[in-house]
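Working notes, structure below.
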Amino acid sequence: MKPYREIALCMDLLGCPNRCKHCWLGWSPNPNLGLEDLRAGAEAFRPYAEALQVYDWTREPDFADDYRERWQLCEELSTQDGQAGPPRDHFELASVWRLARDESYPAWLKSLGVDVVQLTLFGGEETTDFMTGRKGAYRDILRAIEVLLESGIAPRIQVFVNKRNIGELPQVEALIRQLKLEERCQAVGQAFRCFVHQGSCDGQNQQFYPDWVTPEDLLKIPPYLAGQTETHFGESLEEVFGQTEADLCRALEEDGSTQSLGAGLEAPVFYVDGQWNVYPNFGQIDPAWRLGNLKADGSQAILDCLAQDKSLAQHTRATVPLRELARACGSPESQRLFGRDDYIEYLLNRYVGLFGASGQDKSM
């Protein structure tokens, strides 16, 4: 019996056209890995799982001009018990860059069974371009909305907010109404959905910790977007945005638990960067979460590192009680809003950044 029920392998072959300032995957240079590299990565992990799911991207799907051929290759490499596996999921994600430039792309997405594609706004045009890290990104999103609807695919709008841009939410609502997205999505057989959230405070998004939303900011979310957010998550707006850091910090300061993140996993997901470094999908792309290098260390060593919590971040979470993370890195007076799990990961990333493997504050 193989050690895992399924392994999902996501290899960053070509990178991304954007440099989003909220991206938890980071801003590593665009690599130039080939299809033989994808084959090699798949074969390295195949012996260890009953099923293998293979993707040729981590940041931007379908970025390559030969995206159809790459999708077909990924289908061939994805197997169940050594045979052709079930069709893979496109995850309701698509390349906005390509949607704005390739007339045949949305129809191809539809042929894969894609009925909804999620798009990201940050407010108006200037703010969305700035946060996406690319001039023209906002206009590409407007173009993407049109071509998706023309192909019978509904756009779903998500908005990341912090104190810098939450005041632009009325512009997002005005755009939705101007484009008649509710009526047009209904015409293609889908309910229009949009939602607002702060994201997780990791990767590039950690730079916005000083601007993180606090309870009074929720009053700035227009009622329409607040209602749509509650519908999307099935929770109240307060539940979506979570508790204050002060409340979480006080609770965690009394929590002596630790957690193994690698033990007992049945279906791990691995991200492989352009230098063949491997990371688990539950951590950020950072040396503290690195499981090893697929070429230099091999897949067995990487799987051992995962299962035995050998990376710095996993080892810290498995050995350092939550109360120590909270006392060392929490802000007991802060009113910033977090979900509990996101806040624990924020504390963990701060702790390993400050103390590393030595347990001594590196900032001193």
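Computed from label points 7 Å out along Cα-Cβ, the spacing between Ser236 and Leu219 is 1.7 nm. Near Val117, the amide H atoms lying under 5 Å from its own belong to Ala154, Arg156; only residues 5 or more places off or on other chains count, and H is placed 1.01 Å from N. The value obtained for the chain, namely the Cα convex hull volume divided by the number of residues, is 145 Å³ per residue. Starting from 0 in steps of 5 Å, tell me what percent of the Cα-Cα pairs of the stretch 274-364 lands in each bin. Reading upward from the zero bin: 3, 13, 23, 22, 17, 12, 7, 3, 1, 0. Counting only DSSP H runs of at least 4 residues, each contributing -39500 (n - 2.57), and dividing by the residue count of the chain, the helix-based mean residue ellipticity at 222 nm comes to -11000 deg cm²/dmol. Largest first and in whole Å, the equivalent-ellipsoid semi-axes of the stretch 88-179 read 24, 13, 12, each the square root of five times a Cα gyration tensor eigenvalue. Between Glu76 and Gln178, the contour length at 0.36 nm per residue exceeds the Cα-Cα span by 32.4 nm. The 1.4 Å probe gives accessible areas that order Glu333, Glu216, largest first, as Glu333, Glu216.
Amide hydrogen proximity for Val54: with H placed 1.01 Å from N in the peptide plane, the residues at 5 or more positions away or on another chain lying under 5 Å are Leu9, Ser78. For the stretch 285-295, backbone phi angles converted through the Karplus equation (6.51, -1.76, 1.60; θ = phi - 60°) give residue-by-residue couplings of 7, 8, x, 5, 9, 5, 8, x, 10, 4, 6 Hz, Gly and Pro being listed as x.
Note: relative contact order over the chain, using C-alpha pairs below 8 Å and six or more positions apart, is 18 percent.
Annotation: per residue accessible area for the stretch 1-130 equals 44 Å², rounded to a whole number [probe 1.4 Å, protein chains only].
According to the Kirkwood relation over distinct C-alpha pairs, the hydrodynamic radius of the stretch 149-304 is 19.1 Å.
Its convex hull of Cα atoms gives the stretch 132-187 a direction-averaged projected area, equal to a quarter of the hull surface, of 4.2 nm². Distance from a point 7 Å along Cα→Cβ of Lys295 to each backbone N in the stretch 24-59: keep the residues under 14 Å and list them by number. Under cut-off, by backbone N: 31-41. With a threshold of 30 Å on the Cα-Cα distance, the over-threshold entries among Lys135/Lys310; Lys110/Lys295; Lys135/Lys180 are Lys135/Lys310; Lys110/Lys295. The portion of the accessible surface of the stretch 155-311 made up by carbon and sulfur, rounded to a whole percent, is 46 (1.4 Å probe; DNA, RNA and ligands excluded). Using R0 = 51 Å, the C-beta based FRET efficiency linking Asp255 and Arg68 works out to 0.55.
Each pair of Cα atoms in the stretch 37-96 enters the Kirkwood radius, and Stokes-Einstein at 20 °C and 1.002 mPa s then converts it into a translational diffusion coefficient of 177 µm²/s.
Note on Gln83 and Gln118: the model spin-label points, each 7 Å out from Cα along the C-beta direction, lie 3.3 nm apart. Charge dipole (Cα centre; +1 on Lys/Arg Cβ, -1 on Asp/Glu Cβ; no other charges) of the chain amounts to roughly 500 debye.
Highest GNM mean-square fluctuation among Gln206, Gln335, Gln72, for the chain modelled with Cα contacts below 10 Å: Gln72.
The values are calculated or read from the model by the stated rules, or taken from the named source; none is laboratory data. Since we're looking at a predicted model, the values are computed, not measured. Because the Cβ atoms are built from the backbone with ideal geometry, glycine has one as well, and the counts that use them run over all protein chains shown. The accessibility values were calculated without ligands, DNA or RNA, using every heavy atom of the protein model including side chains. Shrake-Rupley method; radii C 1.70, N 1.55, O 1.52, S 1.80 Å.
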